[in-house]
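Derivation of every value follows stated rules applied to the coordinates shown; laboratory data play no part. On a predicted model such as this, the values are computed, not experimentally measured, just so you know. Every residue, glycine among them, receives a Cβ derived from its backbone with ideal geometry; neighbour counts consider all protein chains shown.
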Amino acid sequence: MANTGLRLHCISLNGCLPYGAGTGMLSRVRQHFPRLSMTHSFFPRDQWFWRFHAVAVIAIVIITLLTFQFWGELSLTNVISSLIWCLPYSAAVLGFRYLFLTRDWQQLAMAKLVSLSIAYGSLTAVLVVVSVALFSSLMLWIGPAGHDPSAASAGLSLRMLTGGALQAQLFICIWIFIYISVTSARRIKDTELRNLRLQNTLKEAQLSSLSNQLNPHFLFNALNNIRFMMHENTRNADEMVLALSEILRYSLASSHRDKVGLQEELNIIERYLALMKIQMEERLQLRISVSTSLYPCLLPPMILQMLIENAIKHGIEQIPEGGLLSLHANEQADSLIFTISNDLPAGYSNDKPAATLGIGLENIRKRITLLYGSKAVLSVHVQETPPEKPAFAVLLQIPKEIRQ
């Protein structure tokens, strides 16, 4: 009968163990299993581990006793064996967990780990069965019912040691393989998270590096313009300093955000154009066409400002009489399309756009690629109609995103 009790232990626990009770329960175990660290204790400190373990043991004992009640004989021997069995079983599985963590068994090849697990399960199964038999026999010798030789001899019978050991080995190995699968899945998940964090950190570093290249480029140009204006008109120079401070404040605030609202970007563009208008006066003509319905849309900060700056520096400033700078925005399907164009000197050939890209446009292309991948487009072309007024145009297309 003791042999039957051990068999029921193994079968019922295999069906009731919380770790294998379904995908939902398995995910909970993954979340609450002890984290791997440099030092490990024999007894896990994670309370969820003990809760699941306690539920498993209690379920096994209850099911085993109910099985004895309805299909066997609910004897004192089986009751004692069912209760005593919990201790050596817990020691065996905790021992494997401790060795698995401290000996770095997770680094072993799968074939070697499986062989090692089976060997451990075989050895500890014999120890579990022997310890249960000895404790059961001892309790029957000193219990209130007095000495029961038949029960004692049954507890130490060869049949119990062999059959019970095989069943205990099966159960311990099942627990071990579930534990290995859970910890391996968690380790893989942690590795993926670390890789994602590293990729995001690299992406943020690249974006920060590109932004840091853009901001000084604009700053140096603005300071040079103010320096020249100070010798011509101090009032205008004062207004330029005020506009520049607002632009720098916006640049610093937006450097911590990947995207800003279109309205914010347009406000700072207005400040920049006001600054340039003071310097260039009537040489700079503006045409801005952006629907207010697009104001909630998001885009990378300072990108439109840099495109405007690039158009003025490489286009309008090179024309003695000045020219027209235009900004047009519209939406198409799930995309926002911005077109920034500027007049060019007469006789400008179509093979020169590449020479005017410079670090500004190249950095913008890298930034939108990091943020949007292949969904973003930055292209340039020369409009040669009419021939007497060629225009250089930059087209920026990004996915449409609305501020929530």
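Observations on the model:
- Sum of side-chain charges, A311 neighbourhood, beta-carbon under 11 Å (Lys, Arg +1; Asp, Glu -1): -2
- Fully extended contour minus Cα-Cα distance, from R51 to S293, at 0.36 nm per residue: 81.6 nm
- Full-extension gain in nm, E384 to L286, via 0.36 nm per residue minus C-alpha separation: 33.3 nm
- The Rg/Rh ratio of the range 232-399, with Rg taken over Cα atoms and Rh as the Kirkwood radius over Cα pairs, comes to 0.96.
- The stretch between I402 and V114 holds 98.4 nm of extra length on full extension. This uses 0.36 nm per residue minus the Cα-Cα distance.
- Charge context of E239, other residues only, Cβ under 12 angstrom, K/R +1, D/E -1: +1
- Nitroxide proxy distance, nm - points 7 Å out along Cα→Cβ at Q332 and F220: 3.5
- Modelled spin-label separation between L252 and L94, with each label point placed 7 Å from Cα along the Cα-to-Cβ direction: 5.7 nm.
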